[in-house]
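**Student:** Please see the structure below; I have some questions.
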Amino acid sequence: MRTRNPYPTDFHDYINTEEGWVDRRIFWEEEIYQQELEKIFARSWHFIAHDSQLPNHGDFITTYMGEDGVVASRHSDGLVYVYLNSCPHRGNKICFADEGNTRSFNCNYHGWSFSTQGELLGIHNEQTYDKGDIDKSSWGLRNARVENYKGLIFANFDHDAPDLESWLGDYRWFLDMLIDNEEGGIEFLPGTIKSYVNANWKFGVENFIGDALHAMWNHDSGAKAMMNNQPFPPAVLEDSFHASMNGHGWEFALDGYADIAILGQPEVIEYYQQLKPKMAERLGELRSKIFGSLASAAVFPNISFLAGSGTFRVWLPRGPRKLELRIWTIVNKHMPDEIKQAINRGTMLTFAPGGTLEMDDGENWEGNTTTNRGFITRQEKLHYGCGISRRIEHEEIPGIVYQGQYNDANQRAFYQRWADMMNAENWNDIPERYTPRYTGKPTR
(Lines give C-alpha, C1' and ligand atoms only; values in the text may rest on other atoms or scores of the structure.)
Protein backbone atom coordinates (compact mmCIF):
# COMPACT_ATOMS: atom_id res chain seq x y z
CA MET A 1 0.00 0.00 0.00
CA ARG A 2 1.37 3.41 -0.99
CA THR A 3 0.94 6.33 1.38
CA ARG A 4 2.03 9.92 1.22
CA ASN A 5 5.21 11.35 2.70
CA PRO A 6 4.58 11.16 6.47
CA TYR A 7 5.52 14.77 7.11
CA PRO A 8 6.23 17.08 4.17
CA THR A 9 8.87 19.66 5.00
CA ASP A 10 7.12 22.27 2.85
CA PHE A 11 3.83 23.10 4.54
CA HIS A 12 2.39 24.24 1.22
CA ASP A 13 2.25 20.53 0.43
CA TYR A 14 -0.55 20.24 3.00
CA ILE A 15 -2.85 22.55 1.03
CA ASN A 16 -3.61 23.32 -2.59
CA THR A 17 -5.56 26.50 -3.22
CA GLU A 18 -5.66 25.94 -6.99
CA GLU A 19 -7.15 22.46 -6.80
CA GLY A 20 -9.04 23.21 -3.59
CA TRP A 21 -8.01 20.64 -0.98
CA VAL A 22 -6.46 20.43 2.50
CA ASP A 23 -4.51 17.55 4.05
CA ARG A 24 -6.39 16.07 7.03
CA ARG A 25 -3.20 15.56 9.04
CA ILE A 26 -3.01 19.25 9.94
CA PHE A 27 -6.03 18.66 12.19
CA TRP A 28 -4.55 15.68 14.04
CA GLU A 29 -0.78 15.32 14.21
CA GLU A 30 1.07 16.41 17.36
CA GLU A 31 4.23 17.22 15.38
CA ILE A 32 2.33 19.71 13.22
CA TYR A 33 0.63 21.23 16.26
CA GLN A 34 3.95 21.88 17.97
CA GLN A 35 5.09 23.72 14.85
CA GLU A 36 1.90 25.80 14.99
CA LEU A 37 2.71 26.92 18.53
CA GLU A 38 6.13 28.12 17.36
CA LYS A 39 5.50 29.41 13.86
CA ILE A 40 1.97 30.85 14.25
CA PHE A 41 1.00 31.48 17.86
CA ALA A 42 4.41 32.67 19.03
CA ARG A 43 4.52 35.23 16.19
CA SER A 44 0.92 36.41 15.79
CA TRP A 45 -0.97 39.32 17.30
CA HIS A 46 -3.47 37.94 19.82
CA PHE A 47 -6.64 39.53 21.14
CA ILE A 48 -6.18 39.93 24.89
CA ALA A 49 -9.01 42.13 26.15
CA HIS A 50 -11.06 45.22 25.47
CA ASP A 51 -10.46 48.52 27.23
CA SER A 52 -13.88 48.24 28.87
CA GLN A 53 -12.72 45.08 30.67
CA LEU A 54 -9.75 46.87 32.28
CA PRO A 55 -11.01 50.36 33.13
CA ASN A 56 -9.09 50.94 36.40
CA HIS A 57 -5.56 50.76 37.77
CA GLY A 58 -5.01 47.23 39.06
CA ASP A 59 -7.68 45.60 36.89
CA PHE A 60 -6.44 42.36 35.35
CA ILE A 61 -7.50 39.37 33.31
CA THR A 62 -5.69 36.11 32.55
CA THR A 63 -5.75 34.41 29.18
CA TYR A 64 -3.52 32.55 26.73
CA MET A 65 -1.45 33.31 23.67
CA GLY A 66 -1.31 29.86 22.10
CA GLU A 67 -0.61 27.73 25.17
CA ASP A 68 1.42 30.45 26.90
CA GLY A 69 -0.55 31.75 29.87
CA VAL A 70 -0.48 35.53 30.25
CA VAL A 71 -1.73 38.24 32.57
CA ALA A 72 -2.97 41.57 31.24
CA SER A 73 -3.23 44.40 33.77
CA ARG A 74 -3.67 48.15 33.80
CA HIS A 75 -0.75 49.77 35.58
CA SER A 76 -0.60 53.07 37.45
CA ASP A 77 0.63 54.84 34.29
CA GLY A 78 -2.71 54.02 32.65
CA LEU A 79 -1.19 51.54 30.19
CA VAL A 80 -2.05 47.86 29.82
CA TYR A 81 0.85 45.43 30.16
CA VAL A 82 0.78 41.79 29.08
CA TYR A 83 3.28 39.33 30.52
CA LEU A 84 3.79 35.62 31.09
CA ASN A 85 1.76 34.07 33.89
CA SER A 86 4.73 32.05 35.10
CA CYS A 87 7.07 32.89 37.97
CA PRO A 88 10.72 33.00 36.82
CA HIS A 89 11.78 31.26 40.04
CA ARG A 90 10.25 27.77 39.66
CA GLY A 91 7.59 28.41 37.01
CA ASN A 92 4.30 28.34 38.90
CA LYS A 93 1.46 30.67 37.91
CA ILE A 94 1.52 34.05 39.59
CA CYS A 95 -2.25 34.40 39.15
CA PHE A 96 -4.95 31.71 39.18
CA ALA A 97 -7.96 34.04 38.95
CA ASP A 98 -9.70 34.77 35.66
CA GLU A 99 -10.06 38.49 36.44
CA GLY A 100 -10.04 40.98 39.28
CA ASN A 101 -8.22 43.94 40.76
CA THR A 102 -4.94 43.83 42.65
CA ARG A 103 -1.97 45.89 43.78
CA SER A 104 0.49 43.09 43.03
CA PHE A 105 0.77 39.40 42.13
CA ASN A 106 2.35 36.90 44.51
CA CYS A 107 3.56 33.44 43.61
CA ASN A 108 2.10 30.76 45.90
CA TYR A 109 5.29 28.71 45.99
CA HIS A 110 8.03 30.97 47.36
CA GLY A 111 6.35 34.35 47.70
CA TRP A 112 7.95 36.24 44.84
CA SER A 113 5.93 39.42 44.29
CA PHE A 114 5.35 41.26 41.00
CA SER A 115 3.88 44.62 40.05
CA THR A 116 1.01 45.16 37.62
CA GLN A 117 3.73 45.96 35.09
CA GLY A 118 5.42 42.58 35.63
CA GLU A 119 8.40 43.88 37.62
CA LEU A 120 9.85 41.75 40.42
CA LEU A 121 9.10 43.78 43.57
CA GLY A 122 10.25 41.51 46.37
CA ILE A 123 11.14 38.03 47.55
CA HIS A 124 9.93 36.32 50.72
CA ASN A 125 12.84 35.99 53.18
CA GLU A 126 15.02 37.96 50.82
CA GLN A 127 17.75 38.01 53.48
CA THR A 128 18.57 34.39 52.54
CA TYR A 129 20.06 35.69 49.29
CA ASP A 130 23.61 36.96 49.49
CA LYS A 131 24.61 40.21 47.81
CA GLY A 132 24.97 39.56 44.10
CA ASP A 133 22.82 36.41 44.10
CA ILE A 134 20.02 38.08 42.18
CA ASP A 135 19.42 41.31 40.28
CA LYS A 136 15.68 41.81 40.72
CA SER A 137 15.52 44.23 37.79
CA SER A 138 16.53 41.34 35.50
CA TRP A 139 14.07 38.78 36.86
CA GLY A 140 10.70 40.32 36.13
CA LEU A 141 8.04 38.64 34.02
CA ARG A 142 8.58 38.55 30.27
CA ASN A 143 6.50 41.30 28.67
CA ALA A 144 4.86 41.16 25.27
CA ARG A 145 4.40 44.03 22.84
CA VAL A 146 0.98 45.61 23.35
CA GLU A 147 -0.97 47.65 20.81
CA ASN A 148 -4.56 48.86 20.71
CA TYR A 149 -7.00 49.19 17.83
CA LYS A 150 -10.03 51.27 18.81
CA GLY A 151 -10.31 49.62 22.20
CA LEU A 152 -9.26 46.09 21.22
CA ILE A 153 -6.04 45.22 23.05
CA PHE A 154 -3.61 42.93 21.21
CA ALA A 155 -0.26 41.46 22.27
CA ASN A 156 2.65 39.77 20.51
CA PHE A 157 5.83 38.21 21.92
CA ASP A 158 7.68 38.51 18.60
CA HIS A 159 9.54 41.80 18.53
CA ASP A 160 10.32 41.36 14.83
CA ALA A 161 6.66 41.05 13.85
CA PRO A 162 5.01 43.88 11.90
CA ASP A 163 2.98 46.36 13.91
CA LEU A 164 -0.69 45.72 14.58
CA GLU A 165 -1.94 48.06 11.87
CA SER A 166 0.14 46.21 9.27
CA TRP A 167 -0.99 42.85 10.65
CA LEU A 168 -4.64 43.83 10.29
CA GLY A 169 -4.05 45.66 7.02
CA ASP A 170 -7.19 46.49 5.07
CA TYR A 171 -9.20 44.31 7.44
CA ARG A 172 -9.53 47.49 9.51
CA TRP A 173 -12.13 48.56 6.91
CA PHE A 174 -14.23 45.60 8.04
CA LEU A 175 -13.41 45.79 11.77
CA ASP A 176 -14.71 49.34 11.88
CA MET A 177 -18.19 47.99 11.18
CA LEU A 178 -17.99 46.00 14.39
CA ILE A 179 -16.27 48.41 16.76
CA ASP A 180 -16.72 51.92 15.30
CA ASN A 181 -20.19 52.02 13.77
CA GLU A 182 -21.39 54.61 16.29
CA GLU A 183 -19.79 57.39 18.33
CA GLY A 184 -18.37 55.94 21.54
CA GLY A 185 -17.52 52.54 20.09
CA ILE A 186 -18.28 49.26 21.82
CA GLU A 187 -17.95 47.64 25.21
CA PHE A 188 -17.78 44.06 26.41
CA LEU A 189 -20.56 43.10 28.78
CA PRO A 190 -19.32 41.58 32.07
CA GLY A 191 -18.71 37.87 32.15
CA THR A 192 -16.78 35.33 30.10
CA ILE A 193 -18.19 31.98 29.00
CA LYS A 194 -15.61 29.20 28.76
CA SER A 195 -16.23 25.82 27.21
CA TYR A 196 -14.17 23.01 25.76
CA VAL A 197 -14.61 21.13 22.51
CA ASN A 198 -12.71 17.98 21.50
CA ALA A 199 -11.82 19.49 18.15
CA ASN A 200 -8.90 21.09 16.36
CA TRP A 201 -8.86 24.86 16.84
CA LYS A 202 -8.81 25.55 13.09
CA PHE A 203 -12.25 24.05 12.53
CA GLY A 204 -13.87 26.74 14.67
CA VAL A 205 -12.01 29.56 12.96
CA GLU A 206 -12.69 28.34 9.42
CA ASN A 207 -16.38 27.92 10.22
CA PHE A 208 -16.66 31.62 11.07
CA ILE A 209 -14.28 32.90 8.42
CA GLY A 210 -16.30 31.64 5.49
CA ASP A 211 -18.66 28.71 5.98
CA ALA A 212 -22.09 30.17 5.26
CA LEU A 213 -23.18 27.01 3.49
CA HIS A 214 -23.51 24.91 6.64
CA ALA A 215 -26.04 27.26 8.23
CA MET A 216 -29.06 26.36 6.14
CA TRP A 217 -28.62 22.64 6.81
CA ASN A 218 -26.88 22.43 10.17
CA HIS A 219 -28.78 25.30 11.82
CA ASP A 220 -32.16 24.97 10.13
CA SER A 221 -34.13 23.95 13.23
CA GLY A 222 -32.22 26.35 15.50
CA ALA A 223 -32.86 29.26 13.17
CA LYS A 224 -36.55 28.47 12.95
CA ALA A 225 -36.73 28.33 16.75
CA MET A 226 -35.27 31.85 16.96
CA MET A 227 -37.07 33.43 14.00
CA ASN A 228 -40.72 32.46 14.45
CA ASN A 229 -40.35 29.33 12.31
CA GLN A 230 -38.73 31.26 9.45
CA PRO A 231 -35.73 29.56 7.75
CA PHE A 232 -32.46 31.15 6.68
CA PRO A 233 -32.65 33.05 3.38
CA PRO A 234 -32.08 30.86 0.30
CA ALA A 235 -28.54 30.29 -0.98
CA VAL A 236 -28.06 32.89 -3.69
CA LEU A 237 -24.78 34.24 -5.04
CA GLU A 238 -25.90 37.71 -6.09
CA ASP A 239 -25.04 40.58 -3.73
CA SER A 240 -22.96 38.39 -1.41
CA PHE A 241 -19.20 37.98 -1.12
CA HIS A 242 -16.09 36.53 0.48
CA ALA A 243 -13.28 38.97 1.26
CA SER A 244 -9.90 38.13 2.81
CA MET A 245 -6.47 39.59 3.46
CA ASN A 246 -3.51 38.37 5.56
CA GLY A 247 -5.53 35.29 6.52
CA HIS A 248 -8.39 37.37 7.97
CA GLY A 249 -11.79 36.99 6.36
CA TRP A 250 -15.41 38.16 6.28
CA GLU A 251 -18.21 36.43 4.34
CA PHE A 252 -21.40 38.42 3.96
CA ALA A 253 -24.64 39.24 2.22
CA LEU A 254 -26.20 42.70 1.93
CA ASP A 255 -29.61 42.01 3.46
CA GLY A 256 -28.80 44.14 6.51
CA TYR A 257 -30.63 42.23 9.24
CA ALA A 258 -30.37 38.40 9.08
CA ASP A 259 -27.71 38.10 11.80
CA ILE A 260 -29.67 40.52 13.97
CA ALA A 261 -32.92 38.61 13.43
CA ILE A 262 -31.33 35.33 14.54
CA LEU A 263 -31.23 36.73 18.08
CA GLY A 264 -35.00 36.51 18.27
CA GLN A 265 -35.22 39.96 19.91
CA PRO A 266 -37.52 42.31 17.91
CA GLU A 267 -36.48 45.39 19.89
CA VAL A 268 -32.89 44.93 18.69
CA ILE A 269 -34.02 45.04 15.07
CA GLU A 270 -35.97 48.21 15.78
CA TYR A 271 -32.92 49.79 17.41
CA TYR A 272 -30.70 49.07 14.40
CA GLN A 273 -33.37 50.27 11.97
CA GLN A 274 -33.06 53.64 13.66
CA LEU A 275 -29.24 53.50 13.78
CA LYS A 276 -28.61 52.40 10.17
CA PRO A 277 -28.95 55.89 8.58
CA LYS A 278 -26.34 57.26 11.00
CA MET A 279 -24.17 54.23 10.36
CA ALA A 280 -24.34 54.97 6.62
CA GLU A 281 -23.19 58.55 7.27
CA ARG A 282 -20.31 57.30 9.39
CA LEU A 283 -19.12 54.29 7.37
CA GLY A 284 -20.82 54.61 3.98
CA GLU A 285 -23.90 52.98 2.54
CA LEU A 286 -22.23 49.67 1.67
CA ARG A 287 -20.86 49.00 5.13
CA SER A 288 -24.18 49.93 6.73
CA LYS A 289 -25.74 47.15 4.63
CA ILE A 290 -23.03 44.61 5.46
CA PHE A 291 -23.45 45.17 9.21
CA GLY A 292 -26.11 42.85 10.57
CA SER A 293 -26.47 40.86 7.34
CA LEU A 294 -26.11 37.11 7.15
CA ALA A 295 -22.37 37.00 7.72
CA SER A 296 -19.49 35.69 9.80
CA ALA A 297 -15.89 36.76 10.25
CA ALA A 298 -12.49 35.91 11.73
CA VAL A 299 -9.11 37.53 12.39
CA PHE A 300 -6.10 35.26 11.89
CA PRO A 301 -5.25 33.13 13.69
CA ASN A 302 -8.06 32.55 16.22
CA ILE A 303 -10.57 35.42 16.71
CA SER A 304 -14.16 35.24 15.43
CA PHE A 305 -17.31 37.33 15.70
CA LEU A 306 -20.71 38.08 14.20
CA ALA A 307 -21.37 41.77 13.56
CA GLY A 308 -24.92 42.54 14.64
CA SER A 309 -25.61 39.52 16.81
CA GLY A 310 -23.04 40.45 19.44
CA THR A 311 -20.94 37.29 19.83
CA PHE A 312 -17.15 37.68 20.03
CA ARG A 313 -14.87 34.73 20.71
CA VAL A 314 -11.36 33.29 20.68
CA TRP A 315 -10.40 29.69 19.92
CA LEU A 316 -7.57 28.76 22.29
CA PRO A 317 -5.64 25.63 21.27
CA ARG A 318 -5.34 22.86 23.85
CA GLY A 319 -3.44 20.35 21.76
CA PRO A 320 -4.22 19.24 18.21
CA ARG A 321 -7.55 17.65 19.24
CA LYS A 322 -9.00 20.03 21.82
CA LEU A 323 -9.85 23.72 22.00
CA GLU A 324 -10.96 26.11 24.71
CA LEU A 325 -13.61 28.54 23.53
CA ARG A 326 -14.02 31.90 25.30
CA ILE A 327 -17.08 33.93 24.43
CA TRP A 328 -18.19 37.49 25.22
CA THR A 329 -21.15 39.65 24.29
CA ILE A 330 -20.26 42.98 22.71
CA VAL A 331 -22.61 45.95 22.42
CA ASN A 332 -22.41 49.59 21.42
CA LYS A 333 -21.44 51.61 24.46
CA HIS A 334 -24.22 54.18 24.09
CA MET A 335 -27.04 51.67 23.55
CA PRO A 336 -29.92 51.80 26.02
CA ASP A 337 -29.44 49.20 28.76
CA GLU A 338 -32.55 47.30 27.72
CA ILE A 339 -31.13 46.84 24.21
CA LYS A 340 -27.80 45.66 25.62
CA GLN A 341 -29.57 43.06 27.71
CA ALA A 342 -31.76 41.97 24.80
CA ILE A 343 -28.61 41.34 22.73
CA ASN A 344 -27.10 39.44 25.64
CA ARG A 345 -30.19 37.25 25.93
CA GLY A 346 -30.09 36.57 22.23
CA THR A 347 -26.42 35.58 22.22
CA MET A 348 -26.96 33.25 25.18
CA LEU A 349 -29.87 31.61 23.37
CA THR A 350 -27.87 31.08 20.18
CA PHE A 351 -24.06 31.24 20.44
CA ALA A 352 -23.36 29.90 23.93
CA PRO A 353 -22.55 26.28 24.91
CA GLY A 354 -26.25 25.51 25.41
CA GLY A 355 -27.42 27.73 22.56
CA THR A 356 -29.60 26.62 19.69
CA LEU A 357 -26.76 27.09 17.17
CA GLU A 358 -23.56 26.51 19.14
CA MET A 359 -24.43 22.92 20.05
CA ASP A 360 -24.85 22.02 16.37
CA ASP A 361 -21.41 23.33 15.51
CA GLY A 362 -19.51 21.80 18.42
CA GLU A 363 -20.77 18.30 17.65
CA ASN A 364 -19.70 18.63 14.02
CA TRP A 365 -16.24 20.01 14.81
CA GLU A 366 -15.63 17.07 17.13
CA GLY A 367 -16.67 14.70 14.37
CA ASN A 368 -14.44 16.49 11.86
CA THR A 369 -11.47 15.95 14.18
CA THR A 370 -11.97 12.49 15.69
CA THR A 371 -12.54 10.68 12.40
CA ASN A 372 -8.88 11.37 11.65
CA ARG A 373 -7.89 8.90 14.34
CA GLY A 374 -7.88 6.32 11.55
CA PHE A 375 -4.61 5.90 9.66
CA ILE A 376 -6.30 5.35 6.28
CA THR A 377 -8.68 8.22 6.91
CA ARG A 378 -5.77 10.60 7.52
CA GLN A 379 -4.39 9.81 4.06
CA GLU A 380 -7.47 11.32 2.42
CA LYS A 381 -7.85 14.97 1.45
CA LEU A 382 -10.66 17.36 2.37
CA HIS A 383 -12.42 19.31 -0.40
CA TYR A 384 -12.23 23.13 -0.33
CA GLY A 385 -13.04 23.89 -3.96
CA CYS A 386 -16.42 25.64 -3.76
CA GLY A 387 -16.43 28.89 -5.79
CA ILE A 388 -12.80 28.51 -6.79
CA SER A 389 -13.24 30.39 -10.09
CA ARG A 390 -15.40 33.26 -8.82
CA ARG A 391 -12.71 35.79 -7.89
CA ILE A 392 -13.60 39.38 -8.81
CA GLU A 393 -12.33 42.92 -8.38
CA HIS A 394 -14.69 45.17 -6.45
CA GLU A 395 -14.57 48.95 -6.50
CA GLU A 396 -15.46 49.40 -2.85
CA ILE A 397 -14.70 46.13 -1.06
CA PRO A 398 -11.00 45.74 -0.21
CA GLY A 399 -9.19 42.43 -0.10
CA ILE A 400 -9.16 39.28 -2.16
CA VAL A 401 -12.84 39.22 -3.13
CA TYR A 402 -14.98 36.38 -4.44
CA GLN A 403 -18.55 36.54 -5.68
CA GLY A 404 -21.02 34.63 -3.52
CA GLN A 405 -20.83 34.03 0.23
CA TYR A 406 -21.47 30.33 -0.40
CA ASN A 407 -17.84 29.67 -1.14
CA ASP A 408 -14.61 28.21 0.26
CA ALA A 409 -12.52 31.21 -0.76
CA ASN A 410 -11.85 32.62 2.72
CA GLN A 411 -11.07 29.15 4.04
CA ARG A 412 -8.52 28.64 1.26
CA ALA A 413 -6.95 32.01 2.06
CA PHE A 414 -6.84 31.13 5.77
CA TYR A 415 -4.94 27.92 5.08
CA GLN A 416 -2.69 29.71 2.59
CA ARG A 417 -1.68 32.12 5.37
CA TRP A 418 -1.27 29.16 7.73
CA ALA A 419 1.14 27.46 5.33
CA ASP A 420 3.01 30.71 4.60
CA MET A 421 3.68 31.25 8.31
CA MET A 422 4.47 27.61 9.01
CA ASN A 423 7.13 27.67 6.28
CA ALA A 424 8.68 31.02 7.16
CA GLU A 425 11.88 31.26 9.17
CA ASN A 426 11.46 35.03 9.42
CA TRP A 427 8.97 37.70 8.37
CA ASN A 428 10.75 38.36 5.09
CA ASP A 429 9.90 34.80 4.04
CA ILE A 430 6.14 35.45 4.20
CA PRO A 431 4.84 36.41 0.75
CA GLU A 432 2.59 39.44 0.20
CA ARG A 433 -0.49 37.99 -1.50
CA TYR A 434 -2.56 41.17 -1.59
CA THR A 435 -1.65 44.81 -2.15
CA PRO A 436 -3.51 46.83 0.49
CA ARG A 437 -5.48 49.94 -0.37
CA TYR A 438 -5.38 51.60 3.05
CA THR A 439 -1.74 51.46 4.14
CA GLY A 440 -1.14 54.56 6.24
CA LYS A 441 -4.72 55.70 5.64
CA PRO A 442 -7.73 55.80 7.93
CA THR A 443 -10.52 53.32 7.18
CA ARG A 444 -13.28 55.55 8.51
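**Student:** Using the structure shown, decide if residue 97 is in contact (Cβ under 8 Å) with a residue 24 or more places away in the chain and within 23 Å of residue 168 (Cα to Cα).
**Tutor:** No: the conditions fail for residue 97.
**Student:** Can you name every residue in the stretch 243-295 that is out of contact with any strand residue (DSSP E or B) (no Cβ under 8 Å at 6 or more places or on another chain), more than 19 Å from residue 180 (Cα to Cα) and touching a residue at least 60 places away in the same chain (Cβ under 8 Å)?
**Tutor:** Answer for the stretch 243-295, where residues must be out of contact with any strand residue (DSSP E or B) (no Cβ under 8 Å at 6 or more places or on another chain), more than 19 Å from residue 180 (Cα to Cα) and touching a residue at least 60 places away in the same chain (Cβ under 8 Å): 246, 247, 262, 263, 264, 265, 267.
**Student:** Can you name the residue in the stretch 206-219 that is part of a helix (DSSP H, G or I) and touching a residue at least 40 places away in the same chain (Cβ under 8 Å) and, of all such residues, is surrounded by the fewest Cβ atoms within 10 Å (Cβ to Cβ)?
**Tutor:** 218
**Student:** Looking for whichever is closer than 30 Å to residue 188 by Cβ and modelled with pLDDT of 95 or more here; the options are 51, 13. Which one fits?
**Tutor:** 51
**Student:** Quick check, is residue 100 assigned by TED's automatic domain parsing to the domain that holds residue 141 and in a strand (DSSP E or B)?
**Tutor:** So residue 100 fits the description; yes.
**Student:** All but one of (1) in a loop (DSSP other than H, G, I, E, B); (2) free of Cβ contacts under 8 Å to residues at least 60 places away in the same chain; (3) closer than 30 Å to residue 288 by Cβ hold for residue 132; state the number of the condition that does not hold.
**Tutor:** Here residue 132 clears every test but (3).
**Student:** Output yes when any residue across the stretch 382-394 is surrounded by 19 or more Cβ atoms within 10 Å (Cβ to Cβ), free of Cβ contacts under 8 Å to residues at least 40 places away in the same chain and at negative phi, and no when none is.
**Tutor:** no
**Student:** Considering only residues that are part of a helix (DSSP H, G or I), of a type in the set (Asp, Glu) and surrounded by 15 or more Cβ atoms within 10 Å (Cβ to Cβ), which ones fall in the stretch 405-431?
**Tutor:** Across the stretch 405-431, the qualifying residue is only 420.
**Student:** Quick one: is residue 356 over 20 Å from the mean Cα position of the chain (by Cα) and loosely packed, with under 15 Cβ neighbours inside 10 Å?
**Tutor:** In short, no.
The rows are residues; the columns are (1) exposed (fewer than 14 other Cβ atoms within 10 Å of the Cβ); (2) out of contact with any strand residue (DSSP E or B) (no Cβ under 9 Å at 6 or more places or on another chain); (3) in a strand (DSSP E or B).
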{"site": "7", "(1), (2), (3)": "yes, yes, no"}
{"site": "12", "(1), (2), (3)": "no, yes, no"}
{"site": "22", "(1), (2), (3)": "no, no, yes"}
{"site": "31", "(1), (2), (3)": "yes, yes, no"}
{"site": "34", "(1), (2), (3)": "yes, yes, no"}
{"site": "49", "(1), (2), (3)": "no, no, yes"}
{"site": "56", "(1), (2), (3)": "yes, no, no"}
{"site": "60", "(1), (2), (3)": "no, no, yes"}
{"site": "69", "(1), (2), (3)": "no, no, yes"}
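**Student:** Residue by residue through the stretch 160-196, note down the ones that are touching an Asp or Glu at 6+ places or on another chain (Cβ under 6 Å) and of a type outside the set (Ser, Thr, Tyr).
**Tutor:** Correct list: 164 only.
**Student:** Follow-up question, since we're still on this one. Consider residue 402 carefully, then state whether it is surrounded by 18 or more Cβ atoms within 10 Å (Cβ to Cβ), part of a strand (DSSP E or B), assigned by TED's automatic domain parsing to the domain that holds residue 313 and at pLDDT 95 or above.
**Tutor:** Yes; evaluated as a whole, the condition is true for this residue.
**Student:** Taking only pairs six or more apart or across chains, which ones have beta-carbon atoms under 9 Å, a first residue in the stretch 185-205 that is touching a residue at least 12 places away in the same chain (Cβ under 8 Å), and a second residue that is of a type in the set (S, T, N, Q) and in a loop (DSSP other than H, G, I, E, B)?
**Tutor:** Partner pairs satisfying both residue conditions: 201/302; 202/302; 204/302; 205/302.
**Student:** Spot the failing condition for residue 224; the list is (1) in contact with a Pro (Cβ under 7 Å, 6 or more places away or on another chain); (2) exposed (fewer than 15 other Cβ atoms within 10 Å of the Cβ); (3) at pLDDT 85 or above, and only one is missed.
**Tutor:** Residue 224 satisfies all of (1) in contact with a Pro (Cβ under 7 Å, 6 or more places away or on another chain); (2) exposed (fewer than 15 other Cβ atoms within 10 Å of the Cβ); (3) at pLDDT 85 or above except (3).
**Student:** For the stretch 106-122, check the following and say yes or no: at least one residue is acidic (Asp, Glu), touching a strand residue (DSSP E or B) at 6+ places or on another chain (Cβ under 7 Å) and in contact (Cβ under 8 Å) with a residue 12 or more places away in the chain.
**Tutor:** no
**Student:** When residues of the stretch 77-120 are filtered for being surrounded by fewer than 16 Cβ atoms within 10 Å (Cβ to Cβ), within 24 Å of residue 190 (Cα to Cα) and either touching a Leu at 6+ places or on another chain (Cβ under 9 Å) or of a type in the set (Lys, Arg) (or both), how many remain?
**Tutor:** Counting residues in the stretch 77-120 that are surrounded by fewer than 16 Cβ atoms within 10 Å (Cβ to Cβ), within 24 Å of residue 190 (Cα to Cα) and either touching a Leu at 6+ places or on another chain (Cβ under 9 Å) or of a type in the set (Lys, Arg) (or both) gives 2.
**Student:** If you don't mind, another one. So the check is Cβ under 7 Å with 6+ separation or different chains; which pairs have a first residue in the stretch 350-370 that's assigned by TED's automatic domain parsing to the domain that holds residue 198 and a second one that's at pLDDT below 85 and small (Gly, Ala, Ser)?
**Tutor:** 356/222; 356/225; 357/222; 360/222
**Student:** Part of a loop (DSSP other than H, G, I, E, B) and either β-branched (Val, Ile, Thr) or in contact with a Gly (Cβ under 6 Å, 6 or more places away or on another chain) (or both), is that true of residue 309?
**Tutor:** Against the criterion (part of a loop (DSSP other than H, G, I, E, B) and either β-branched (Val, Ile, Thr) or in contact with a Gly (Cβ under 6 Å, 6 or more places away or on another chain) (or both)), residue 309 does not qualify.
**Student:** Turning to a different aspect of this structure: For the stretch 166-179, which residues satisfy the criterion of being touching a Ser or Thr at 6+ places or on another chain (Cβ under 9 Å) and either part of a loop (DSSP other than H, G, I, E, B) or within 24 Å of residue 281 (Cα to Cα) (or both)?
**Tutor:** Scanning the stretch 166-179 gives 169, 170, 171, 172, 173, 174, 175, 176, 177.
**Student:** Is there any pair linking a residue in the stretch 228-239 that is of a type outside the set (Val, Ile, Thr) to one that is modelled with pLDDT of 75 or more and part of a loop (DSSP other than H, G, I, E, B), with Cβ under 6 Å and at least six apart or on different chains, and which?
**Tutor:** Partner pairs satisfying both residue conditions: 237/404; 239/254.
The values are calculated or read from the model by the stated rules, or taken from the named source; none is laboratory data. Fair warning: this is a prediction, and the values are worked out from it, not measured in the lab. We place every Cβ from the backbone using ideal geometry, glycine too, and count neighbours over all the protein chains shown.
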